[in-house]
Amino acid sequence: MKRNDFFKTAFGSLALAGITGFRSRQIVDDPFRPEWPGTGPDDEQFWKILRAQFPLTDERAYLNTGGLGASPYAVIDAVKSKMDELEKICETGHSEELWKDVKSSAAALLGCDPGEVAFTRNATEGINIVCNGLPLKRGDEMITTTHEHVGNSVPWLALLQREGIVIKLFEPSVESAQENIDRIAKLVTKRTRLISVPHATTTVGLVLPIKALSEFARSKNIWLFVDGAQTAGMFPFNLHELGCDAYATSGHKWILGPKETGLLYVRKDMLDVIQPKFTGAYSADDFSLAKNAMKFHPSAQRYEFGTVSIPLRFGLGAAIKFMQRIGMENVWKRDQALSARLFKGLREIPYVKVLSPTDDTTRSALITIQHEKMTYLELQSHLDKFKLRTRGVGEGGVNGLRISTHIYNSVEEVDRVLEATRSAWRG
Ligand SMILES: Cc1ncc(COP(=O)(O)O)c(C=O)c1O
């Protein structure tokens, strides 16, 4: 279908309303409309219409998807309608069918099997399940980066305090993927059991070479855990191809799902290795107190327990489908086009140092800068005056300012960041 025909059929006249700023809810509420076709990263008209699918205010440019993603109406309405439906009858709404449906979508997004996916409340919960479930004991060593988010630091530090594991750190290089593997290799000893790295660092958005690291880890008989909080929903990938043992992500960042949603992937053959520590209803396939017997659920559902919010999980399913309708390739092309424009423009501004990788194969849609004349907090306050929502990065001593670009951002917003940054120092 040609783009113009698509506008007429899928969005009809409401699409034009979207362009002029009218926020239509009907557009996203129709589950039977045709699949959204792929669109070019530079097709501003399409992306403007897409932006109209979000209640996100035009008052300020939201450039912190790395912190929290803005949900589209499709997600908000899914949560609300499920809540309305369930509260009328006061039921949890838990159903095999819903679980299967959302996990199938999640598995397609992540490139794995539905049975390898567990619902969590956030990336940190997934990290905790892996951290506390792996059979690590006193003296066992793990290797991680100096650029970890608090969510992938505190759980391991708690394990260090409680069980006496040893944590070894390497500084991630933005220059070379091989250099990162070499830095890890130098830290490996006979006691190394685990490598824990982010798929993309929260600090400067460096994408680490997970496939090569998986091969390296496997050759040394070491587990590889990946903190994927910054990548699911940003670009397409396939966890089976990447080869890591486990991967945790948030539903409420780049996937744009409801807040307090997350996904944990545990590779099939790791399910019996990563022991579920919090368990209850749904964790077991079969159990009998009388017989002192219990068998965990054969799938990653074993990591789930107790009553949960079905509206949130339903909303997460709607978010994944929303992203899939656009197509992850298209999402990434758009995110990449915006961040490349930002990256290039920032590099031309005097006194600005861009900390994110120059190589676009290891650069994500998170661009982090420092200003030679200002602290990152001063720069952030300056950008605030232009109604630009960014995020300061203190992790790893980076002391930079992070700007995320996602599908609801525009070229005009990127140019506003450039203009505002240029005006920060006229000295
Ligand atoms: C790399 C990384 N890991 C973990 C987290 C924590 O995510 P959540 O709040 O979903 O637990 C974040 C959040 O920014 C992150 O960037």
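The values are calculated or read from the model by the stated rules, or taken from the named source; none is laboratory data. Computed from a predicted model, the values in this text were never measured in an experiment. Cβ atoms come from the backbone with ideal geometry, glycine included; neighbour counts cover every protein chain shown. The protein model used for the area step is the full one, side chains on, heavy atoms only, and it has no ligands, DNA or RNA in it. Shrake-Rupley method; radii C 1.70, N 1.55, O 1.52, S 1.80 Å.
Near the ligand (Cβ under 10 Å from one of its atoms), outside any helix (DSSP H, G or I) and either free of Cβ contacts under 8 Å to residues at least 40 places away in the same chain or of a type in the set (D, E, K, R) (or both): which single residue out of E148, E125 fits that description?
One residue alone meets the criteria, E148.
The criterion of being under 23 Å from L401 (Cα atoms), out of contact with any Gly (no Cβ under 8 Å at 6 or more places or on another chain) and either at pLDDT 95 or above or polar (S, T, N, Q) (or both) holds for R334. Tell me, which residue of the stretch 258-306 that is free of Cβ contacts under 8 Å to residues at least 24 places away in the same chain and of a type in the set (K, R) is surrounded by the most Cβ atoms within 10 Å (Cβ to Cβ)? Only one residue tops the list, namely K295. Residues that are touching an Asp or Glu at 6+ places or on another chain (Cβ under 8 Å) and over 21 Å from E59 (Cα atoms) number at least 1 in the following strands (runs of 3 or more DSSP E) confined to the stretch 330-407: 352-354, 366-371. For the stretch 81-102, does any single residue satisfy the condition of being β-branched (V, I, T), under 30 Å from T203 (Cα atoms) and out of contact with any Asp or Glu (no Cβ under 6 Å at 6 or more places or on another chain)? Checking the stretch 81-102: not a single residue is β-branched (V, I, T), under 30 Å from T203 (Cα atoms) and out of contact with any Asp or Glu (no Cβ under 6 Å at 6 or more places or on another chain).
Among the residues examined, S196 does not qualify as over 19 Å from G115 (Cα atoms), small (G, A, S) and more than 16 Å from the ligand (Cβ to nearest atom).
Here's the yes/no breakdown for (1) part of a helix (DSSP H, G or I); (2) open to solvent by 50 Å² or more (accessible area, probe 1.4 Å); (3) in contact with a Leu (Cβ under 8 Å, 6 or more places away or on another chain); (4) within 16 Å of the ligand (Cβ to nearest atom):
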{"site": "G66", "(1), (2), (3), (4)": "no, no, yes, yes"}
{"site": "E87", "(1), (2), (3), (4)": "yes, yes, no, no"}
{"site": "K103", "(1), (2), (3), (4)": "yes, no, no, no"}
{"site": "C112", "(1), (2), (3), (4)": "no, no, yes, no"}
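In the stretch 133-175, what residues are polar (S, T, N, Q) and either on the phi > 0 side of the Ramachandran plot or open to solvent by less than 40 Å² (accessible area, probe 1.4 Å) (or both)? Once the filter is applied, which keeps residues that are polar (S, T, N, Q) and either on the phi > 0 side of the Ramachandran plot or open to solvent by less than 40 Å² (accessible area, probe 1.4 Å) (or both), the stretch 133-175 yields T144, T145, N152, S153, S173. Taking the stretch 245-257 as the range and being under 8 Å from the mean Cα position of the chain (by Cα) and open to solvent by 10 Å² or more (accessible area, probe 1.4 Å) as the test, the residues that pass are H252, K253.
Got at least one residue in the stretch 263-281 being in contact with a Ser or Thr (Cβ under 6 Å, 6 or more places away or on another chain), of a type outside the set (S, T, N, Q) and closer than 16 Å to K103 by Cα? So far as the stretch 263-281 goes, yes, one or more of its residues are in contact with a Ser or Thr (Cβ under 6 Å, 6 or more places away or on another chain), of a type outside the set (S, T, N, Q) and closer than 16 Å to K103 by Cα. Taking the listed residues S95, S173, the one that is closer than 30 Å to I367 by Cβ and among the hydroxyl-bearing types (S, T, Y) is S173, with no other qualifying.
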